[in-house]
C-alpha cells in the first residue's frame with residue numbers, strides 16, 4: 001500500500017496520473033474524440049434495459065407504495081399475508097417503491113422500464129465520472145463500461161439494489177475527491193446516506209466506505225482525520241432518519257445473517273448462494289466474474305506501490321460479499337473493473353503507451369469502428385432475444401409484463417371468479433398476487449418478514465405429503481402455483497382427489513377443493529390451443545415432424561442469433577408436461593409436437609430433450625414402436641453420451657425386428 005509522509009491539510013497530494021478533479025464538463029462529451037462509440041455504448045445500455053417486467057418482487061413493491069399513499073403511514077406489522085401478519089415489517093425500501101408507483105401511475109407498466117433505464121444511465125454516468133477523475137483514456141473507459149454492462153446485465157431488472165449501486169458510486173466519488181485533493185464536499189455524505197437508508201437495506205456499505213478512507217488516511221498521514229471523522233458521525237446520525245428510526249438503522253444486521261452457510265434462505269434461494277455453486281446455471285456470467293476478480297487482484301499486486309490501503313480494504317470486502325451471494329456480484333464488478341483500469345493506467349502511462357490513443361489517427365479510426373461494430377452486433381443479439389436464450393423465459397426483450405414469470409392471467413381469474421377466498425400460493429407468485437388481488441395471501445418473497453421458521457414450513461410442502469400438511473393447517477379454498485416449477489404440487493393434489501384445476505395456462509394453474517370436472521379441463525385446453533395458435537393436426541404427421549428435427553452446432557446457433565428472432569416456446573413443453581401429469585396424453589402430445597414444429601426459430605436443449613423423452617415414453621406405452629424409436633434416435637443427437645438411451649434404442653429395434 002502506498003505510504004507517504006505526513007502532510008499538511010492544505011497540501012494537494014494528487015498523483016501525476018490523476019486529474020485535478022474538475023467536474024465532468026461538456027468538453028468531455030462534446031470534444032471527446034471517441035464520442036461516437038461513447039454514444040453507441042449508452043444506446044446499447046438502453047437496449048439492454050428494454051426488457052419485459054419479470055421481477056417476482058415488483059408486485060409487493062407497488063403494493064407497498066399503494067399502502068403508504070392510501071393510509072399515509074408506514075407498515076410496522078406485515079399487512080400482506082394472513083400467515084405471518086404478526087411479524088415485524090420494516091419497509092426500508094419505501095422510497096424505491098414510491099418512485100416506481102408514480103412511474104406506473106403516469107406511464108403504466110412501461111413506466112417501470114423507463115424509470116429503470118434512467119437510473120441505470122445515472123449509474124453508468126457515475127462510473128464515467130470516476131474514470132475521468134483518474135484520467136483514464138476514453139477507449140479504456142468505453143471498454144470498461146462494456147465489460148461492466150455484460151457482467152451485470154442479468155441483475156439490471158427493476159430492483160431496489162440499484163440505489164445501492166448509485167450510493168456506492170456517489171460515496172466513492174466524494175471520498176476520492178477528498179482523499180486525493182482535499183476537495184471538501186463531505187457534507188454530501190449524510191445526504192447520500194439519508195436517501196440510501198430509505199431505498200435499500202445495504203446502506204451499511206456507505207458507512208464502511210467512509211471507515212475505509214479514514215483508516216487509509218490515518219495510515220498515510222499518521223493522524224486521524226478529524227474532518228472526515230466528523231462527517232462519518234453525522235452520516236451515522238443520518239441513517240436514523242427513516243420511518244423506523246433505530247430499527248431501520250440496524251436493519252442490515254439481519255441481512256448479514258444470510259451470509260451464514262447454515263441459513264435456510266442461503267441454501268435454497270439461488271441469488272443468495274455463492275457463485276462457486278451456481279456455475280452450471282450462469283456459466284458465462286460467472287466465468288466473467290472470476291476472470292475480472294482474478295485480474296483485479298493480479299494487477300493490484302503488480303502495481304502495489306501505487307495502490308492505497310482503502311483500495312485493498314474495499315476490494316477485499318466486496319470480494320467477500322460477492323463470493324457469499326450471487327446477487328452482490330455487480331458491487332464487486334464496479335470496483336474490480338475500476339482497479340483493473342487504474343492499475344493498467346499506472347503501468348502504461350509510465351511507458352507512454354497511451355499516446356497511441358491520441359497521436360495515431362489510424363489506430364483511433366479503426367478502434368472507433370471496432371467499438372461501434374461490437375456494440376451494434378451485441379445489440380442485434382439482444383433485440384432478437386438470442387442473448388437471453390440461456391435464461392429461459394425469465395428475461396425477454398420488449399415492453400409490458402412478462403406473463404411467463406408473472407401470473408397475470410391466473411390472478412385475474414382468481415379476482416373475477418374466486419374473490420376473497422383463502423389462498424395457498426407458491427412463493428414466486430406472492431408479490432404479484434399481493435398487488436393484483438389486493439387481499440391477503442399465503443406467502444411472498446419478503447424473506448425478512450416471513451423469517452426462517454415459516455419459510456422452512458413452506459419448503460417442507462415440496463416433500464412427500466408436505467402440501468397436505470399445509471392444507472390441513474391453513475384450510476385454503478384455492479391453491480395456485482407455477483406448475484412448471486412446482487410440479488410436485490400437481491402430483492400431490494392429484495393424489496388427494498378432492499382438488500381439481502379450475503384454471504390453467506402455459507405456466508400457472510389454479511386449483512379448488514371441489515370434484516374434478518373434465519369439462520372444465522377440456523374447455524381450458526381449447527382456450528390454450530387458441531391462445532398459443534396450436535396446430536391440432538400435428539398428430540397426423542408425427543413422423544414427418546420428428547424426421548425434420550436437426551441439432552445445430554453452437555457456432556451456427558450463435559451466428560443465427562444476430563439476425564433470426566429467438567422465439568422461446570418452452571411454455572408449450574411446460575403445458576405438455578402439465579397435461580401429461582393429469583393423464584391427458586393426447587393433449588400433451590399435441591403441445592409437444594407443436595414445440596418441436598417451431599424449433600427452427602430457436603430452442604433450448606433442456607426443453608427439446610424433455611419433449612422428445614416424454615413423447616418417446618408415451619409412444620412406447622401405446623406400442624407405437626416406430627414413433628418411439630424415432631423420438632429416441634433424434635434425442636440421442638442431443639445426448640450422444642447417454643448409454644441408457646442407446647440401450648433403449650437397441651431394445652426397440654430388436655422388438656421391431658421380431
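Using beta carbons and a limit of 7 Å, which pairs, at least six apart or on different chains, have the first residue in region 85-110 and free of Cβ contacts under 8 Å to residues at least 12 places away in the same chain and the second one assigned to a helix (DSSP H, G or I)?
Partner pairs satisfying both residue conditions: 107/114.
Filter region 359-406 for residues that are in a loop (DSSP other than H, G, I, E, B) and modelled with pLDDT under 90; which is nearest to the chain's Cα centre (by Cα)?
The residue in question is 394.
Would you mention how many residues in region 150-206 are part of a loop (DSSP other than H, G, I, E, B) and farther than 24 Å from residue 307 by Cα?
9
Checking residue 478 against (1) more than 30 Å from residue 633 (Cα to Cα); (2) surrounded by 14 or more Cβ atoms within 10 Å (Cβ to Cβ); (3) free of Cβ contacts under 8 Å to residues at least 12 places away in the same chain, which test does it fail?
Condition (3) is where residue 478 drops out.
Of all residues in region 524-546, which are touching a helix residue (DSSP H, G or I) at 6+ places or on another chain (Cβ under 7 Å), over 14 Å from residue 587 (Cβ atoms) and surrounded by fewer than 14 Cβ atoms within 10 Å (Cβ to Cβ)?
The one that is touching a helix residue (DSSP H, G or I) at 6+ places or on another chain (Cβ under 7 Å), over 14 Å from residue 587 (Cβ atoms) and surrounded by fewer than 14 Cβ atoms within 10 Å (Cβ to Cβ): 543.
When region 237-279 is examined, which residues are found to be out of contact with any helix residue (DSSP H, G or I) (no Cβ under 9 Å at 6 or more places or on another chain) and part of a loop (DSSP other than H, G, I, E, B)?
Within region 237-279, 245, 250, 262 meet the criteria.
Do the conditions hold for residue 100, that is, is it closer than 30 Å to residue 473 by Cα and either touching a helix residue (DSSP H, G or I) at 6+ places or on another chain (Cβ under 9 Å) or modelled with pLDDT under 95 (or both)?
no
Looking at region 131-142 only, could you name the residues that are assigned to a helix (DSSP H, G or I) and surrounded by 20 or more Cβ atoms within 10 Å (Cβ to Cβ)?
Correct list: 131, 133, 138, 139, 141, 142.
Would you mind telling me which numbered condition in (1) touching a helix residue (DSSP H, G or I) at 6+ places or on another chain (Cβ under 6 Å); (2) part of a helix (DSSP H, G or I); (3) over 25 Å from residue 507 (Cα atoms) residue 559 fails?
Among (1) touching a helix residue (DSSP H, G or I) at 6+ places or on another chain (Cβ under 6 Å); (2) part of a helix (DSSP H, G or I); (3) over 25 Å from residue 507 (Cα atoms), residue 559 violates only (1).
Since residue 138 meets every condition but one in (1) under 19 Å from the mean Cα position of the chain (by Cα); (2) in contact (Cβ under 8 Å) with a residue 12 or more places away in the chain, which condition does it not meet?
Going through the list (1) under 19 Å from the mean Cα position of the chain (by Cα); (2) in contact (Cβ under 8 Å) with a residue 12 or more places away in the chain, residue 138 breaks only (1).
For (1) without any contact (Cβ under 8 Å) to a residue 12 or more places away in the chain; (2) surrounded by 22 or more Cβ atoms within 10 Å (Cβ to Cβ); (3) over 32 Å from the mean Cα position of the chain (by Cα); (4) not assigned by TED's automatic domain parsing to the domain that holds residue 578, each residue gets a yes or a no:
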site	(1), (2), (3), (4)
465	no, no, yes, yes
468	no, no, yes, yes
484	no, no, no, yes
491	no, no, no, yes
500	no, no, yes, yes
504	no, yes, no, yes
510	no, yes, no, yes
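Can you tell me which condition residue 467 does not meet? The list is (1) over 23 Å from residue 160 (Cβ atoms); (2) part of a helix (DSSP H, G or I); (3) touching a strand residue (DSSP E or B) at 6+ places or on another chain (Cβ under 6 Å), and all the others hold.
That leaves (3) as the condition not met.
Checking the condition closer than 24 Å to residue 164 by Cα, out of contact with any strand residue (DSSP E or B) (no Cβ under 7 Å at 6 or more places or on another chain) and modelled with pLDDT of 95 or more, which residue from 299, 209, 295 passes?
209
Taking only region 86-107 into account, find how many residues are over 22 Å from the mean Cα position of the chain (by Cα) and closer than 17 Å to residue 66 by Cβ.
Count: 5.
Does region 440-461 contain any residue that is more than 21 Å from the chain's Cα centre (by Cα), in a loop (DSSP other than H, G, I, E, B) and farther than 14 Å from residue 60 by Cα?
The answer is no; no qualifying residue exists.
Please work out which residue is surrounded by the fewest Cβ atoms within 10 Å (Cβ to Cβ), limiting yourself to region 59-81 and to residues that are in contact with a strand residue (DSSP E or B) (Cβ under 9 Å, 6 or more places away or on another chain) and within 28 Å of residue 270 (Cβ to Cβ).
Applying the filter and picking the extreme gives 78.
Kindly indicate whether residue 102 is more than 26 Å from residue 287 (Cα to Cα), surrounded by fewer than 21 Cβ atoms within 10 Å (Cβ to Cβ) and out of contact with any strand residue (DSSP E or B) (no Cβ under 6 Å at 6 or more places or on another chain).
Spelling it out, residue 102 is indeed more than 26 Å from residue 287 (Cα to Cα), surrounded by fewer than 21 Cβ atoms within 10 Å (Cβ to Cβ) and out of contact with any strand residue (DSSP E or B) (no Cβ under 6 Å at 6 or more places or on another chain).
Check region 328-339 and report whether any residue there is under 16 Å from residue 148 (Cα atoms), more than 22 Å from the chain's Cα centre (by Cα), at pLDDT 95 or above and not in a loop (DSSP other than H, G, I, E, B).
Yes; the residues of region 328-339 include at least one that is under 16 Å from residue 148 (Cα atoms), more than 22 Å from the chain's Cα centre (by Cα), at pLDDT 95 or above and not in a loop (DSSP other than H, G, I, E, B).
The values are calculated or read from the model by the stated rules, or taken from the named source; none is laboratory data. Note that this is a predicted model, so its numbers are computed, not measured. Note that we place each Cβ from the backbone using ideal geometry, even for glycine, and neighbour counts take in every protein chain shown.
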